[in-house]
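Each reported figure results from applying straightforward, stated rules to the coordinates on display, with no laboratory input. Remember, it's a predicted structure, so these values are computed and weren't measured experimentally. All Cβ positions, glycine included, derive from the backbone under ideal geometry; neighbour counts span all protein chains shown.
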Amino acid sequence: MTHCVLRTLHTVGLYLLYLLSIQSLQAQDMQFKHLSTENGLMEGITRCILQDHEGFIWIGTPDGLHRYDGYSFKVYKHDPLDSQSLSQNSIYCLYEDRSGLLWIGTLAGLNVFDRKSETFIAYKNDPNNPHSLSDNGVSSIYEDSSGLLWIGTYGGGLNVFDKKTEKFRSFANKAINPKLPNQYRVMVIYEDRTGSLWIGTAGGGLGLFDRKSETFKMYKNERNNSNSLSNNGITCLEEDESGLLWIGTNGGGLNVFDKKIERFRRFMNDPNDVQSLNDNKVLSIHSDRSGLLWVGTESGGLNLFDHKTEKFKTYKGESDKYQSLKNGEIKFIYEDLSGLIWIGGWGLTMCDTKTGKFKTHSLNGVRSIYEDRSGLLWIGTIDDGLHRFDIKTGKSRQYKYEPGAPNSLGGNYVAAIYEDATGLLWIGTNGLSILDKKTETFKLYKADPNNSESLSGRNVLFFHEDVSRLMWIGTADPRFNGGGLNVFDKNIGKFKSYRCEPDNRFLLNNNINFIYEDSNGSLWLGTGGGLKVFNKKTCEFRSFRSKPNDPQSLSNNNVSCILESGNGLMWIATYGGGINVFDVKNEVFRSFTEKDGLSNNKVYGLLSDNYGNLWLSTNKGLSKFTPPADPMNITNKGVFRNYDITDGLQSNEFNSGAYFKNKNGRMYFGGVNGFNFFHPDSVKDNPYQPPVVISDFQVFNQSVGIAHIDGCNEIYRKNDQYYLSQSIIETETIILSYTESVFSFEFKSLSYWHSEKNQYAYKLEGFDNEWIYCGTRRFATYTNLDPGEYVFRVKGSNHDGVWNEKGTSVRVTILPPPWKTWWAYGLYGIAVLGFLYSARRFELNRERKNAQIKESELRAQAAEATSRAAKAQSKIIQIENERRTKELEEARQLQISLLPKTIPSLPHFHIAVYMKTATEVGGDYYDFHVGDNGVLTMVLGDATGHGLKAGHMVSTVKGLFNAYGRNGQVAKTLSEMSRCIKDMNLPRLSMCMLMAKFEPHISQEKNFSARLRISSAGMPPVLVYRCVEKFAEEFLIKGLPLGALKNTDYLEREIILNQGDWILFMSDGFPELADENGETLGYDRTLEIFAKACASNASGGADELIGQLNLAAADWIHGKGDHTAALGDDITFVAIKIIG
């Protein structure tokens, strides 16, 4: 026997597992996902289930009815104070009829669910009414092909319900023993494809009901007849594709009934046969779409029946294993519209038989994979040596390093495997090991730093045999800067090594991860220091490296894989920079990374399929990349499809070097927990297009309830709660008032297998121009929309990214405020015209009076001109000054009259105002309006210039504010005012203005806050001081002055203010104060002064704040007395403190 270590690793068991994983016969290679009380179930026991026509999953438990949408449960329970609630919490059966009504069976009667109102109607036994339900214990419900609803009860036998007349009829089985009450328990009702109605009882056997004669034909257990029913306790019934009726019994195993010959066959537990039914108490049966028969038992778990072999495969509860069955007791088995199997009993389990896109073999730390020409599969591991699998014979071997054995494997870390042209197997490990498969002996070559003709690196990472049969070897060695490229002469057994860039130690990196020979014979090397091209003729290297800030250079210097595409392009995979495409002719790179959809930038393996797709193993799953037609064109993105452990991968983490594609196109990728293998043609997405529902509607972040108002689509508000007339799921139109300015939709795609991977897109027609693809986010919020008609649409996908493009939709109507109706605009027009007419009349009268005064004075002066010329001249000047003084006084009085007489006194705001003009008549203006709802509106403006012209502009703005100030949308108001001013054609006059609305809010905890919405037309920033955080911030909102342009849109900003916060509005006169040297105060110093004043005035009011600002201004201009004496512009402050 040779010295190499040849160990049989689980010779029989490992092979069987491996072979089962490879063969397509493994239809039972299922994955399970579990739901329990931790996920929102109110009860750990589940009894029944169904999926309704909308796509929701309904579950009956001992503690209420649950509706599941893939993310959360909504629970319906009995409320003694609500007659429209569920009649009892303990649910035993569920059924949806062809009209979409949901029927629920409890021990307190039959319930039907109204989807619109989300209420229940209960039908109960009334001893005085012969047309009522015969017994309140409802055990089964079934609608037959004629539309009749059949009800099985625990103590009253079989009932039929006429939904039109709402009357019940009871059928007593006279063929059974009336002294045995349990024989009246109808456990299951089933109509077969011929229209026959079958009744399963708790102890009276199986009944066939004749509708014409209204009699039962009973099938029971006969003690000495093996072709009779095995047990009289019937638990479930199911007809398969061939018409055979399968019967589950309470202790008699599984029976199948041939209706033609009226003979039963029994399948029962055989302790000596592991492939027999493992428990005789059968609780549930289901025949799936593929014809597979699923059998659930009381304590034996899940059994799958193969019709050909008539054998069972068992899945028992294994609570300690990931994605295994955890239920021992299987009360129901149900297949939903997507083909997902639901299993209930203890908890709720989903089972997907189609998730195996990728077959998996478990093996720790797979580092390299190779399939030789004979079909043997070789697997190298990180610390467990070399494994060989013979799929044909079932034999497997393990080769490991044995210290002191010269013909053993060189090391247990196997990084590379390659079969040369002669059939020798080259193994990269601690050195080079060459395996002669015939003798099963290794020949070892190791690195010797003292021998220039030995390997140049201790670790062998890659092999490449060129067309001349020379073997090129990539090595790495952290010791003494070893590694590099080696070429091995098989004839003399010597190596020649090549180093990359030997004269530059800073660029030197001799870790050779990959070797690729292009069509020209050049060797492309993937190294830890970039991409190298080696010319075998000149023995020279050429390097391509990553360059900072150069997007056309290599994205990362650590190159893992190289692939030539055949069109002058090379694909380069990197450890950390994603994948690159290299234009060989133009020598430019383009990278594709996580930003483009790649699962992870650390790429370990790269393979190409027969369709030009690239398959990449990464540190976060497997990616399939379909490159664009012209990959070098950055406008072409390509498509990534990413897979993770939920798709059947061994792990999300793969390993470098562990990838291989065989001659038939099968691909292998290895990682930390084993390796996956698949043919790309077999990797298909789940085609199911799931229903999409709008599951919640919120106004101001508050879910809307149901008000039970027939025929009303308008949002109804009562006691601070918003209501719709019916469930949002059933709603087609929503009508909102203009005050309901913030609303949200929540939506869900009803695909339940890994629903966290479902994706969504939405748009609001009338507002959004394009679909908004929001990934896995399941909500959309809209604020401050204009009144009008909108349609909200949403579409979704399943976990494989297959979209339901139709989705769902709801109409949204937003009603305009009273002041934005047509008749309101008419009144506004009349008011503006009246104001303009009055202003013009006032101006003409004043000019006429002044002209008369001047004319009178000139006549008097002319009469005395000859004798008192000097006196007359002086008199003229005096009169002119008096005229101007009077004119300014009139303008000043006009300005004062335009300012508010009093400052609003509000319970939650302390307001103070300060104004100082640079001349007798300034251009600053402020005003307030308090609405009936407590909303405070404030404006602060600064007209161009001073004097009378500024006063005219202020009076104009005052009128516009009175007309538009009540508008809820501040930005829209400024736009309208600007348009009006521009239409007046006031020459070279404009107005800077800021408008603010304070909307008070008191929370349930009695905490006060205010929502501030502001918009600005050229005003300085607003300053806010946060009392709790003790810091100040400024909010600058850019915009043109009013009247600058006719059609101007202004920005709007929203700020939340809390108790104790300060806010300061100001004109630009304060920041522009100049000191003795002409230096202005500036906005940064203004913010600092404001913050210090607020911090030192925490318990004071707004008046004290303004006082401190004035003192700071005086200090800045170095004590010139009254600091406004040297003003070049007006100064106005409006300070507000939130006092709660």
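Tell me the GluC sites (Glu not before Pro) within the stretch 1076-1120 that lie in a loop according to DSSP and have at most 12 other beta-carbon atoms within 10 Å.
For GluC sites (Glu not before Pro) across the stretch 1076-1120 that sit outside H, G, I, E and B with at most 12 neighbouring Cβ atoms in 10 Å, the list reads 1076, 1079.
Between the labelled values (i) 69.4; (ii) 66.0; (iii) 96.3, the entry that holds mean projected area of the Cα convex hull in nm² as derived from this structure is (i).
Straightening the chain between residue 490 and residue 1056 buys 195.9 nm, computed as 0.36 nm per residue apart minus the Cα-Cα spacing.
For residue 854, the lysines whose Cα comes closer than 30 Å to its Cα, not counting residues fewer than 8 places off in the same chain, are 871, 875, 886, 949. Computed over the chain, the per-residue total of -39500 (n - 2.57) for DSSP H runs of n ≥ 4 gives a 222 nm mean residue ellipticity of -4500 deg cm²/dmol, rounded to 500. Straight Cα distances below 15 angstrom link residue 624 to the aspartates and glutamates 594, 596, 609, 644, 647, 681, 685, 800, with same-chain residues fewer than 8 positions distant left out.
Quick one: if the Förster radius is 25 Å, what FRET efficiency do residue 824 and residue 742 give, using the C-beta to C-beta distance and rounding to 0.05? Kindly include the intermediate steps, with their values, before the conclusion.
Working: r = 24 Å, r/R0 = 0.96.
Working from the Cβ atoms, E equals 0.55.
Neighbour counts of other Cβ atoms within 10 Å put 59, 330, 382 in the fewest-to-most order 382, 59, 330.
The slack between residue 1096 and residue 663, meaning 0.36 nm per residue of separation minus the straight C-alpha distance, is 147.8 nm.
Taking 30 Å as the cut-off for C-alpha to C-alpha distance, list the pairs among 357/395; 354/663; 311/620 that go past it.
On the way: 357/395 26 Å; 354/663 26 Å; 311/620 40 Å.
Pairs exceeding 30 Å: 311/620.
Suppose a student asked you for the relative contact order of the chain, using Cα pairs under 8 Å spaced at least 6 residues apart; what percent would you report? Walk me through the numbers on the way to the answer.
Working: 2820 pairs, mean separation 60.6, N = 1140.
Relative CO of the chain lands at 5 percent.
Membrane-span-like helices in the chain (whole DSSP H runs, Cα extent of at least 15 Å along the helix axis, mean Kyte-Doolittle hydropathy of at least -1.0): 822-863, 869-898, 947-964, 970-983, 1083-1096, 1102-1116.
Answer rounded, prolate or oblate for the stretch 899-1138, using the Cα gyration tensor with square roots of eigenvalues a ≥ b ≥ c: rounded when a/c is under 1.5, else prolate when a/b is larger than b/c, else oblate. Present the calculation step by step, with values, prior to reporting the outcome.
Values: a/c = 1.77, a/b = 1.04, b/c = 1.71.
Since a/c reaches 1.5 but b/c is at least a/b, the shape of the stretch 899-1138 is classed as oblate.
Please go through the stretch 716-771 and write out the chymotrypsin sites (Phe, Trp or Tyr not before Pro) that DSSP classes as loop and that have at most 15 other C-beta atoms within 10 Å. Answer by residue number: 767, 771. Site pair residue 839 and residue 81 shows an inter-label distance of 6.0 nm when each label is modelled 7 Å from Cα along Cα→Cβ.
For the stretch 920-1009, applying the loop criterion from DSSP together with a ceiling of 11 other beta carbons within 10 Å to the trypsin sites (Lys or Arg not before Pro) yields 988, 1006. Just tell me which lysines come within less than 21 Å, Cα to Cα, of residue 77; anything on the same chain fewer than 8 places away is out. Straight-line reach from residue 77, under 21 Å: 116, 124. Take the Cβ atoms of residue 263 and residue 99, set R0 to 45 Å, and the FRET efficiency comes out at 0.70. Here each label is just a point 7 Å from Cα along the line to Cβ, and for residue 630 and residue 933 those points are 5.5 nm apart.
With an 8 Å Cα cut-off and a minimum separation of 6 or more residues, compute the relative contact order for the stretch 527-624 in percent.
Computed value for the stretch 527-624: 18 percent relative contact order.
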